[in-house]
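The block underneath contains the structure these notes are about, expressed in structure tokens.
The values are calculated or read from the model by the stated rules, or taken from the named source; none is laboratory data. All figures in this text were calculated on a predicted structure; none of them were measured in a lab. In this analysis, Cβ positions are derived from the backbone assuming ideal geometry, glycine residues included, and neighbour counts consider all displayed protein chains. These accessible areas exclude ligands, DNA and RNA; they are computed on the full protein's heavy atoms, side chains included. Shrake-Rupley method; radii C 1.70, N 1.55, O 1.52, S 1.80 Å.
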Amino acid sequence: EVFGLTVGERRQVPLGGSGVWDQPAYRPTLSLSQLPGREFEAYSWIEELLPTTAKTLGTYTSGAFATGPAVTVNAMGGGKALYAATVAQSDLLEALLDQACSLAGVSGRELPPNVQYVNCAPYHFFLNSSSQPRTVAGAPAGEVLAGKCSSGKVDLEPYGVCWIVEK
């Protein structure tokens, strides 16, 4: 009910291996309406989605359920529920999280590689898990409790942390 759909058939997508029966006969793909022309590989399994109230955000472009819904969104109460009919690998997961944030009206923050940002308002944490120094633009205004921040930029040393509390 929350997702506004039922799942019809489910099929395994073999993960590979050394035996002839372990090799996938096909790699089903899907695309998202927000990213036309880009395809994502389905992984581990695929599901046939039968929407009742859900709207389709993505469709299978190949495989057993080609042209059918692969990603849906359903309005429920004051929120929205996103459903993906496969295991999302990193590229698809990134696209789905962007879509979820967009639907929720949440804006993201561009970060350099290996930098994490955690917003626990009024506290903000920037963590560098790299051996290279990193700089993050758009630091929140406030008092720096640990690390370095100046002119709206967070300067992270290798494996460094910056902790800011909003004023």
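Structure data summary
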{"read-out": "Qualifying residue in region 28-48 (condition: among the hydrophobic types (A, V, I, L, M, F, W, C), modelled with pLDDT of 95 or more and either within 15 Å of the chain's Cα centre (by Cα) or within 30 Å of residue 119 (Cβ to Cβ) (or both))", "value": "no"}
{"read-out": "Count of residues meeting criterion [among the small types (Gly, Ala, Ser) and over 18 Å from residue 120 (Cα atoms)] in region 132-165", "value": "5"}
{"read-out": "Test for residue 63: is it small (Gly, Ala, Ser) and either farther than 21 Å from residue 103 by Cα or over 15 Å from the mean Cα position of the chain (by Cα) (or both)", "value": "yes"}
{"read-out": "All positions within region 5-26 that are at pLDDT 80 or above and open to solvent by 50 Å² or more (accessible area, probe 1.4 Å)", "value": "6, 7, 9, 10, 11, 12"}
{"read-out": "In region 123-138, the residues that are touching a residue at least 40 places away in the same chain (Cβ under 8 Å) and either part of a loop (DSSP other than H, G, I, E, B) or closer than 15 Å to residue 160 by Cβ (or both)", "value": "124"}
